[in-house]
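Right, one structure below, let's go through it.
Readers should treat all values here as calculations from the given coordinates under stated rules, not as data from a laboratory. What you see is a predicted model, and the numbers here were worked out from it, not measured in a lab. We place every Cβ from the backbone using ideal geometry, glycine too, and count neighbours over all the protein chains shown.
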Amino acid sequence: GEIRVNKGRVDVTYRIVAGDVVRLPPVRVAEKAEVPASVTGAAQAVQIPVVFEDDALIVLNKPSGMAVHGGSGISFGVIELLRAQRPQAKFLELVHRLDRDTSGLLLVAKKRSALVKMHEVLRENHRIDKRYLALVGGVWPHPRCHVKLKLLKYETPDGERRVKVHSDGLTCHTVVN
């Protein structure tokens, strides 16, 4: 509602023609927080909450927007930060991964035996219950319905591989508890 053409409002169907004067409002962009250049600098500045820890595993509450490991144009991720924060740890390996934009619990093994056992448990689908929850706007079509959508893999202009929901092939099935 703030864009003006020839000093006035126009309808959304108006098409700009040669000689029109278009005024755009000033755009306010929040300044990005300064990102540490090295993993050691980030290790001092970034603390990822530990939900549980014993002698074999660490369970972290990974925030959205943070990669679990470096690569695809990212210098470091959660695992590199953790290794920098715990230089005395002889073994720290990701049990599984979460997408950068996904928040949630992330398992890190502190021993090779724990890593192997957790991989075994994850492979056997009936032994562990993984759930992904999403907040949605609007009204859900059916309160007991699971929506399944296909995922579309694509690459960003800078070469990063991403996945997004593809709305074709929508299926919905009712869940009975």
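Things to note:
- Residue-count net charge about residue 25 - beta-carbon cut-off 14 Å; Lys, Arg +1, Asp, Glu -1: +4
- Over all other residues within a Cβ to Cβ distance under 10 Å of residue 154, the charged ones net out to +2, with Lys and Arg as +1 and Asp and Glu as -1.
- In loop segments of segment 37-119 as defined by DSSP, the chymotrypsin sites (Phe, Trp or Tyr not before Pro) with at most 14 further C-beta atoms inside 10 Å of their C-beta are 91.
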